[in-house]
1. Can you bin every Cα-Cα distance in the chain into 10 Å intervals starting at zero and give me the percent of pairs per bin, rounded to whole numbers?
2. List the lysines whose Cα lies under 26 Å from the Cα of LYS81, skipping any in the same chain that are fewer than 8 positions away.
3. In cubic angstrom, how much convex hull volume per residue do the alpha carbon atoms of segment 135-264 span?
4. For segment 258-271, what does the Karplus curve 6.51 cos²θ - 1.76 cosθ + 1.60, with θ = phi - 60°, yield as ³J(HN,Hα) per residue in whole Hz, taken in order and with x for Gly and Pro?
5. Could you work out the relative contact order of segment 4-105? I mean the mean sequence separation of Cα pairs under 8 Å and 6+ apart, divided by the number of residues, in percent.
6. What is the local net charge at LEU103, summed over the other residues whose Cβ is closer than 15 Å to its Cβ (Lys, Arg +1; Asp, Glu -1)?
7. If Lys and Arg each add +1 and Asp and Glu each add -1, what is the summed charge of the other residues whose beta carbon sits under 9 Å from the beta carbon of ARG94?
8. Taking the Cβ of GLY239 as the center, what net charge do the other residues with Cβ under 11 Å away carry, scoring Lys and Arg +1 and Asp and Glu -1?
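Computed from the coordinates by the stated procedures, all read-outs in this text should not be read as laboratory data. From a predicted model like this one, the values you see are computed outputs, not experimental measurements. Glycine also receives a Cβ, built like all others from the backbone with ideal geometry; neighbour counts cover every protein chain displayed.
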Amino acid sequence: MADDAKIGTDWQEDELDAIVADYFAMLAEDLSGRPYVKSRHSAALMAEIGRTHRSVEFKHQNISAVLDELGMPWIPGYKPKRNYQNAIFDAIDRYLTMHPAILESSPNLPALPPPPTEIFVSPPTFSVANEPVPERLRRLVQKFDPVERDRLNRSLGSAGEEFVVDLERRQLTEVGCTDLARKVRWVAAEDGDGTGYDVLSFDRAGAERLIEVKTTNGSARTPFFLSRNECDLATERPGDWRIYRVHLFAKGPRIFTITPPLEKSVRLTTETWRASF
């Protein structure tokens with residue numbers, strides 16, 4: 001039962017820790033496909049901490065918004081709301097610091113992948129200016145950097161590339177181009193990194209498609225790294241090269257494509273430098 005004295009007051013550390021832990025428990029069930037009832041979780045939490053249903057639901061949406069910024073999946077039904085209480089960043093920081101395996105999980109390929117017509121979606125709208133980011137959130141994103149995390153997660157990257165290889169072969173087979181389907185190559189696995197693309201595929205006419213796969217469990221707007229080789233090849237072969245941005249991989253993979261010139265679709269920011277003597 002809600003405590004009237006708490007209405008309109010800031011959440012305390014123990015309350016935030018409780019709702020964050022419960023949120024991640026529901027998220028684990030959701031990602032594994034096991035059934036769970038959000039209303040039961042909310043009722044138990046309300047009884048434990050004495051907050052109203054509206055307050056609990058709003059905080060769930062705050063947590064979704066932070067996970068979205070961290071390039072992590074979030075619970076459907078708790079659409080992200082970004083008018084945060086700063087203390088939520090600390091609570092999520094504490095939980096992820098104590099449970100780092102959550103950040104390193106890599107899903108298997110979908111057992112029954114959706115048809116290609118459902119997989120390909122429109123890219124996010126390109127915005128010139130970003131909204132201001134709270135300083136505490138900025139530091140949290142730096143600590144659990146989704147871009148670096150995805151880059152270092154080799155099993156996630158490989159799973160995304162394999163998914164695209166299978167998808168390209170399936171698409172070509174479905175339109176009667178079985179000879180081309182057999183020629184699709186997983187270049188990153190067969191030849192190694194450094195070629196500037198991961199998958200060699202073809203269009204129906206047999207023209208090459210050099211596909212660089214970028215995979216994340218996060219949403220479509222999760223940033224990603226591009227290497228010098230990739231950018232150079234995009235410039236050299238703009239008609240053939242493209243990015244497949246695989247996102248929502250843990251829940252239900254979706255892909256949008258980016259073609260050169262890259263500057264028309266994404267904001268490119270220099271973040272690393274090569275030091276030499």
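1. 6, 26, 30, 21, 12, 5, 1, 0
2. Qualifying lysines at Cα under 26 Å: LYS6, LYS38, LYS59, LYS143, LYS251.
3. Convex hull volume per residue, Cα atoms: 116 Å³.
4. My calculation for segment 258-271 gives 10, 10, x, x, 4, 4, 7, 10, 9, 9, 9, 10, 6, 10 Hz in order.
5. Working: 80 pairs, mean separation 30.7, N = 102.
Here the relative contact order equals 30 percent.
6. Combined, the nearby Lys, Arg, Asp and Glu give -2.
7. Net of charged neighbours comes to -4.
8. Taking every Cβ under 11 Å from that of GLY239, the sum is -1.
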